Amino acid sequence: MSLRLITLLSDFGLSDSYVGVMKGAIAQINPALKVIDLTHNIPPQNIAAARFQLMSAFAYFPKGTVHIAVVDPGVGSVRRAIAVEFANGFLVAPDNGLLSGVLSQSPAIAAVELTKSNYWRTAEPSSTFHGRDIFAPIGAHLASGVSLNKVGQSIDPGTLVQLPLPEYRCDIDPIRGTGKVQGVIQMIDRFGNLITNIPGNVVRGKQWSVIAAGIQMPGCNTYGDLPPASLLALVGSHGWIEIGVNCGDASAKLELDYGSEITIILQDQVSNVDH
Amino acid sequence: MSLRLITLLSDFGLSDSYVGVMKGAIAQINPALKVIDLTHNIPPQNIAAARFQLMSAFAYFPKGTVHIAVVDPGVGSVRRAIAVEFANGFLVAPDNGLLSGVLSQSPAIAAVELTKSNYWRTAEPSSTFHGRDIFAPIGAHLASGVSLNKVGQSIDPGTLVQLPLPEYRCDIDPIRGTGKVQGVIQMIDRFGNLITNIPGNVVRGKQWSVIAAGIQMPGCNTYGDLPPASLLALVGSHGWIEIGVNCGDASAKLELDYGSEITIILQDQVSNVDH
Amino acid sequence: MSLRLITLLSDFGLSDSYVGVMKGAIAQINPALKVIDLTHNIPPQNIAAARFQLMSAFAYFPKGTVHIAVVDPGVGSVRRAIAVEFANGFLVAPDNGLLSGVLSQSPAIAAVELTKSNYWRTAEPSSTFHGRDIFAPIGAHLASGVSLNKVGQSIDPGTLVQLPLPEYRCDIDPIRGTGKVQGVIQMIDRFGNLITNIPGNVVRGKQWSVIAAGIQMPGCNTYGDLPPASLLALVGSHGWIEIGVNCGDASAKLELDYGSEITIILQDQVSNVDH
C-alpha cells in the first residue's frame, strides 16, 4: 500500500523544538512519511479548543490520513492512550475527550488502547512527552501500513471519553418556520470571528439575524455584504453560524468570550432587545 | 512533467487549522505535492504587507513554482479570483493588488479569472474561505501539470488590480553624484529592521548616510561594522536600503512606523538636521 | 545514496518570509529534499536558547540528518561559517557557540570552514542573510550527498567556539547519598516549565525535592502525581530536572527567570528555608 498522510495537532507551541522532535521521531521510523501541521497553538491543556480544530479539519484530508493529536494534561497518569479508526482516517491521541468532536460527526469503526510498547520509540517512555515517545511513533507505524489491531488492545469505542458540545435550543413555529434559536460561542478564531455552536442549516433559505451583547446583527452571505467595520452574522466555512466584522475583529468589538450566549431570530420576527 | 512546488502565504495565522485545511485540500487532489509556507502571519487583511513578502520571496523558488496567496478582505464579493503565469512561476490569489509587487519586477505572461468550478473543491464554495475551496485546489491542479488556460477564462494582465509602492524621489547632482534621496519605510521585519522603498543600487560605490527621526546614521556594509546597539543603515537582503541596530531593534529605538519618511545623503553632503 | 533529511532552526520568526526563502533556496538546489522546522522563534540573537533547542533535538533525528542553524548576530563580520560532522548527522551554522550543546554530548568527527563559494547560492552573498545565501545551500548540497570536505576547508574541531553551560555543584555524602545539588534554570518552555542544568540521573532511585524562590517542591514522576495547580519537580523529557505546575505555568507562579538558582535536596534531608 502507499503511505498515508500524517497530521499533527498539539498545544506545544512553536517556540520550543517539541514539534520538530515529534517529526524527527516519525522520520526515524519512516523518513518517507509526509507530515502536515494542523496547529500547535492550542492554548495549553485546552482540550475543548483542540476538539474543535480537529473536528473542523478532519473532513478535508485524504481517506486514510493519520491524525496525531496531543493535548495531554494527564500525560503519565492513568488516562489511556488510544488509536481510533474512522471511515475517513485514523486518530491517535490521549483518551481525554479530544476526539469527541470527530466522534459526534462520524462513527468509530474500531479503537485500541496503545499497549504494545514494541511500536513505541522506547519501552520506557518519558513521563511527560508521550507525543514523542508513543503517539508519533504509533502514528508513523499506522501511516506506514501497520494495522490498527497490531499497535494496541481492542477496546469498545463506546467507552471513549466524551467532551460534549453544549446543545443549542430551538424554539421554532413548526408551521411559519419563524422563531428563535439559542446557542453559545464555541470558538474565537484569529480574525476575532465568533463561531457559535449552531449549525448553518437552521437558517438555510430564511431571513435571519443574530442578537449578541444586546446588539442585533443581520444574517448575511459574506463579509462584503455590508460596509467595512459593520457587524454581521453568516454561515462560516466550518459550517456553523458565526459573527464577524467586515475587515475587523468582532471579538474585540463585542467583548464576548467562549460560552457567551447568542440568539438567532428567524424570518420576520421582531426582537425585543435591551440596549 | 514532474510536479511543481507550491508555496502558501496568508493572513490566517497559525492558531486555527485554516492553513492545515488548505494543505489537506491540496493533498486530496494530489498527495505527492510539496508545500512550503512563506508566512501565515500577515496582519489580518493587510494586502500591502502580503504584497511585500510575496515580492521578496518570488525570485528564490524554482522555476514553475505555484505561489498561492490568500489575504482576501473581499472574499465572497465581486473581486475576481485569478491565476497569473510569469517566467519564474505562477501566482494564484484574489485580484486585490496582492500580486502587484511581483508584477512591478516581472511581467505577466498570461492571466486567467478562475471561473471553471470543476477545478474547485466544490461548485458551491464557502462564501468566506476561498483559500480552501478555490485557491488551494487551483494551485494543486496547476502544480500537478494542468495548464493555465484550463482553470479559468483568459483576461488581460493589464487589468489586474495594482497597489503601487510609494515612489522615492532623487535629488542628485548629475556631475558630482552627491545629493539626497527621499523615501519611506515600507516594511518592519521581526528584528525591528526598517526596510525602505529605496533600492540599494542608489548608494552603490558611494559614501552615504541616512537621516530618520532626526538622527543621522552611517551607511555600512553589515551590522557588525559598528559596536552592538549602534544605529546604522545598509543594503538589506531584500535589496532595499534598511535601517537596523547591531544586535538590537531599530523600530523600537527610533519609534518609526510604516510610511515614516527617511532621507539618504550621498557622499560628503553635510546634513541640516533639527535635533 | 538516498537523500538526507534537513532541519532548520533560526531566530527569523514566522512573520516574514525569511524561513520560506531559505526553503526556496534549498529547493532550487534539490526540490526533492525534505525539510523539518525545529523552531524559528529563538529570541533574536539568543545563541544560548538556540544552543539548548539544537542540543535537545539532535538525538531524535535519523542518522545523517543535516541540521542548519542560523542565529547569527555576527553575520557579515569575521565569524566563521562552518559545517561539522557527527556520528548522528551534520550541523551547518555560524561558529558562535550555537553548536556547543551538541558538542558537549557528542564528539565532532570533522569540521570545515565554508570557504567554497561555488556551493553557495551566489559568490557575492548578502552581508545580512547568510541563511539564504550560504547555510541553506551548503545544507542542501550535504543532504544531496556532497561530502563535507568538498564544501569547505578542514579545520580543527577543537577550535570551534564554545558557549559552556553553567556547571551545577554537588554536595553529596558519598556514603549516605544524601545532600544538595545546586544549579540554575537554563530554559523556560512554552508551558512555563523551568528546565534546570541538572541532569535527571542525580535523583535516580532517590527521594528528593527542589527549593526555588524559597519554596520547597516534591520530586515526582509526572505532573499528575499532584492535584492541578500544584508545584512539583520531575525529570523532564529533555533529561534535565525541571519544575512545573500540573495544568499550570511554573514560570508565572514562581517569577523565576533564566539563570535563577535552584537547589535539589536528596533523600531525607531537612531543608532550611527562609520564607
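The values are calculated or read from the model by the stated rules, or taken from the named source; none is laboratory data. This one's a predicted model, so the numbers in the text were calculated from it and none came from an experiment. All Cβ positions, even for glycine, are placed from backbone atoms using ideal geometry, and neighbour counts span all protein chains on display. For accessibility, only protein heavy atoms count, side chains too; no ligands or nucleic acids. Shrake-Rupley method; radii C 1.70, N 1.55, O 1.52, S 1.80 Å.
Side notes on the structure shown:
- Coupling constants for region B:31-45 follow from the phi torsions by the Karplus curve (6.51 cos²θ - 1.76 cosθ + 1.60, θ = phi - 60°), and in residue order they are x, 8, 5, 9, 10, 10, 7, 7, 6, 10, 9, 4, x, x, 6 Hz; glycine and proline get x.
- Heavy-atom accessible surface that C and B bury in contact, both chains counted, 1.4 Å, Å² to 100: 2500
- DSSP beta bridges in chain A [antiparallel fraction, %, rounded to 5]: 75
- Coupling constants for region B:76-81 follow from the phi torsions by the Karplus curve (6.51 cos²θ - 1.76 cosθ + 1.60, θ = phi - 60°), and in residue order they are x, 9, 7, 4, 7, 9 Hz; glycine and proline get x.
- Residue-span extension gain [residue C:247 to residue C:215] - 0.36 nm each, minus C-alpha spacing: 9.6 nm
- Within a Gaussian network of chain C (alpha carbon springs, distance under 10 Å), most fluctuating of C:46, C:118, C:149: C:118
- Amide H contacts of residue A:163: A:100, each under 5 Å away and 5 or more positions distant or on a separate chain (H built 1.01 Å from N in the peptide plane; Pro and chain starts excluded).
- Calculated accessible area for region B:12-134 comes out at 30 Å² per residue, all protein chains present (probe 1.4 Å; ligands, DNA, RNA ignored).
- Within a Gaussian network of chain B (alpha carbon springs, distance under 10 Å), most fluctuating of B:81, B:123, B:93: B:123
- Karplus 3J(HN,Hα) series, Hz, for region B:149-163 with 6.51 cos²θ - 1.76 cosθ + 1.60 (x for Gly, Pro): 5, 7, 8, x, 9, 4, 10, 6, x, x, 8, 5, 5, 9, 10
- Ranked by solvent-accessible area (1.4 Å probe, protein heavy atoms only, all chains present), the residues B:150, B:34 order from largest to smallest as B:150, B:34.
- Residue A:117 accessible area, 1.4 Å probe, all protein chains in place, Å² to nearest 10: 40
- Accessible area of the protein assembly as shown belonging to carbon and sulfur atoms, whole % at 1.4 Å probe: 50
- Closest Cβ on chain A to the rotation axis that carries it onto B (distance rounded to whole Å): A:14, 4
- Partner lysines for residue C:34 [C-alpha distance under 26 Å; skip if fewer than 8 residues away on the same chain]: A:23, A:34, A:63, B:23, B:34, B:63, C:23, C:63, C:116, C:150
- Within the same chain, aspartates and glutamates fewer than 8 places from residue C:253 are excluded, and of the rest, those with a Cα less than 15 Å from its Cα are C:189, C:242.
- Residue B:163 accessible area, 1.4 Å probe, all protein chains in place, Å² to nearest 10: 60
- The angle separating the long axis of helix B:18-29 from the principal Cα axis of greatest extent in chain B is about 50 degrees.
- Between the Cα long axis of helix B:47-57 and the first principal axis of chain B there is an angle of about 90°, rounded to the nearest 10.
- Set of lysines with alpha-carbon distance to residue B:206 below 21 Å, sequence-local pairs under 8 removed: B:180
- Scanning residues 5 or more positions from residue C:89 or on other chains, those with amide H under 5 Å from its amide H are C:64, with H placed 1.01 Å from N in the peptide plane.
- Relative contact order, percent, chain B [alpha-carbon distance under 8 Å, six or more residues apart]: 15
- Relative contact order (%) - criterion: Cα under 8 Å, at least six apart; region: region C:13-128: 23
- Close amide H contacts of residue C:240 (hydrogens built in the peptide plane, cut-off under 5 Å, sequence separation of 5 or more or a different chain): C:200.
- Each copy carries residue B:3; placing its label point 7 Å along the C-beta direction from Cα gives inter-copy distances of 1.0, 1.0 nm, listed from smallest up.
- Pseudo-label separations to other copies for residue C:113 - Cα-to-Cβ vector, 7 Å, nm: 6.1, 6.1
- With contacts taken as Cα pairs under 8 Å and at least 6 residues apart, region B:178-275 reaches a relative contact order of 41 percent.
- Between region C:208-272 and region A:118-187, the Cα center-to-center distance that results, in Å: 31
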